[in-house]
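The values are calculated or read from the model by the stated rules, or taken from the named source; none is laboratory data. Just so it is clear, the model here is predicted, and its values are computed rather than measured. Backbone-built Cβ (ideal geometry, glycine too); neighbour counts: all protein chains shown. For accessibility, only protein heavy atoms count, side chains too; no ligands or nucleic acids. Shrake-Rupley method; radii C 1.70, N 1.55, O 1.52, S 1.80 Å.
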Amino acid sequence: MLAAVDAGGKLKMLTGPQSKENAIRLKNIPLFCPQCGQPVVVKAGDVNIPHFAHRSTFSCNFFSEPESPRHLAGKNDLFQWITKTHPATLESVLPDGKQRPDILSENIAVEFQCSTISASLFQKRTDYYIKRGFIPFWIYGGKPIERKSKFIKLTPFQRLFLRYHDQLGFYFICYCPDAKLFTIYGRLVLVTPTLFAADRLNIPIEKMVFPPSAAFSTNFSFQLEWFHDEKRKWIDHSLYYKKARSHPFFKAVYNSGANPYLLPEHIGLPVRSSLAIRNHPIEWQFYIMLDKKRSSAEEIILRRIELGHLKKQNLPLAGSMTVEQAAKDYVELINQIGEVPLTSQFSMMAKLQNEKVFRISHEKQILDKLIF
Ligand SMILES: [Zn+2]
């Protein structure tokens, strides 16, 4: 932690250019945790930036320790960054004392999260802020985002940071204290359940405004052909590793007399909110087409989730992007482009040709609906 109180209740912070000198001075006076009131000690070694810590035998309910060097350094940087233009406090004790954001600036509660926490804890902390009128601002500080050719891979923990904005689409913000750099991943499109297309923007901390704002100036670079190629690989991979007969999607496809490789082009398309569902779009879009005479698209999706055939994606910071919204987006898209008849889908050669023709006539419409 970077904030403590002295015996008189006065706040002492270890941040800024004088933090080392301050730390040495504070070593000789009794200091306490602002939250639990237990004594804390000053740590000023070579590995970490100067900070306070509870005595090792004591565990504080409000603060998880030890804090990693990365978390301490990032918190310190972010505090310096925010206080250049806005009033802010470090590790504020909120009125009911239950939660302590890394930084509080007016009603913005900044959480620089490096270590992996569970989705339920992430949700709980987020709800806590929202209920009390604070805006939670989560910044990802964990291990680097994994890249795979032109795509990125996101762990379940990393997906918790996803937000949605009309201009940026799905996006999230990372900060790296080693490089003093913000990275914004925006216009995220789910390509397979593990791969995402994303545009990336690096902004050095001294050039970033608070609250952050960013714009992707270049054209949206996503291509439908990438999606088609990865779809084929996903089918290959799924059939290789899972028993085709036991996987609910492949079972349903075979039972309907179809071949998963040769489904019509309008099944398995990228749509704006498909991130709300953890499965491949081909899975849930096939279910919609299979049952659409009996139920609405929303009902079909919800029922398949109940049956365990589909899974919801946890999106604590993008509540408007629901599975129902995904169903709606897809139906809207289909109403616009129309369904593709199942003709001449008898071979892989024909399929590839049909996909190409489909791209020529519909790629623009599909991409326009992905990002506003
Ligand atoms: Zn404490």
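When residues in the range 265-284 are screened for being under 19 Å from residue 239 (Cβ atoms) and in contact with a Phe, Trp or Tyr (Cβ under 6 Å, 6 or more places away or on another chain), 3 of them pass. Residue 323 passes every criterion in (1) more than 30 Å from residue 136 (Cα to Cα); (2) touching a residue at least 12 places away in the same chain (Cβ under 8 Å); (3) touching a Phe, Trp or Tyr at 6+ places or on another chain (Cβ under 9 Å) apart from (1). The condition of being open to solvent by less than 50 Å² (accessible area, probe 1.4 Å), of a type in the set (D, E, K, R) and not in a loop (DSSP other than H, G, I, E, B) holds for only one of 77, 127, that being 77. When you scan the range 302-316, do you find a residue that is at pLDDT 95 or above and more than 27 Å from the chain's Cα centre (by Cα), even just one? No: zero hits. The requirement of being in contact (Cβ under 8 Å) with a residue 60 or more places away in the chain and under 21 Å from residue 362 (Cβ atoms) is fulfilled nowhere in the range 301-311; no residue meets it.
Does residue 345 satisfy the criteria of being at pLDDT below 95, among the polar types (S, T, N, Q), in contact with a Leu (Cβ under 9 Å, 6 or more places away or on another chain) and buried (at least 17 other Cβ atoms within 10 Å of the Cβ)?
For residue 345, the condition - at pLDDT below 95, among the polar types (S, T, N, Q), in contact with a Leu (Cβ under 9 Å, 6 or more places away or on another chain) and buried (at least 17 other Cβ atoms within 10 Å of the Cβ) - is met.
Every condition in (1) open to solvent by less than 70 Å² (accessible area, probe 1.4 Å); (2) out of contact with any Leu (no Cβ under 7 Å at 6 or more places or on another chain); (3) within 16 Å of the ligand (Cβ to nearest atom) is met by residue 59 except one, and the failing one is (1).
For the range 105-119, name all the residues that are within 24 Å of residue 315 (Cβ to Cβ) and not in a loop (DSSP other than H, G, I, E, B). Result: 108, 109, 110, 111, 112, 113, 119.
Can we say residue 74 is within 16 Å of the ligand (Cβ to nearest atom) and not polar (S, T, N, Q)? No.
Among the residues of the range 80-94, those that are part of a loop (DSSP other than H, G, I, E, B) and either within 16 Å of the ligand (Cβ to nearest atom) or among the β-branched types (Val, Ile, Thr) (or both) comprise 85, 91, 92, 93, 94. How many residues does the range 3-42 hold that are polar (S, T, N, Q) and in a helix (DSSP H, G or I)? Final tally of qualifying residues: 2. In the set (1) within 25 Å of the chain's Cα centre (by Cα); (2) within 29 Å of residue 155 (Cα to Cα), residue 61 fails one condition alone, (1).
In the range 36-56, what residues are more than 17 Å from residue 71 (Cβ to Cβ), within 16 Å of the ligand (Cβ to nearest atom) and open to solvent by 30 Å² or more (accessible area, probe 1.4 Å)? Scanning the range 36-56 gives 36, 37, 38, 39, 41, 55, 56. The residues of the range 190-221 that are aliphatic (A, V, I, L, M), more than 14 Å from residue 172 (Cα to Cα) and part of a loop (DSSP other than H, G, I, E, B), listed by number, are 191, 208, 209. Filtering the range 23-35 to residues that are away from the ligand (no atom under 15 Å from the Cβ) and either surrounded by 13 or more Cβ atoms within 10 Å (Cβ to Cβ) or among the aromatic types (Phe, Trp, Tyr) (or both) leaves 23, 26, 27.
Annotation: residue 68 fulfils all but one of (1) open to solvent by less than 60 Å² (accessible area, probe 1.4 Å); (2) more than 9 Å from the ligand (Cβ to nearest atom); (3) at pLDDT below 85; the unmet one is (3). Checking each residue of the range 240-248 against the condition of being in contact (Cβ under 8 Å) with a residue 40 or more places away in the chain and open to solvent by 20 Å² or more (accessible area, probe 1.4 Å) gives at least one match.
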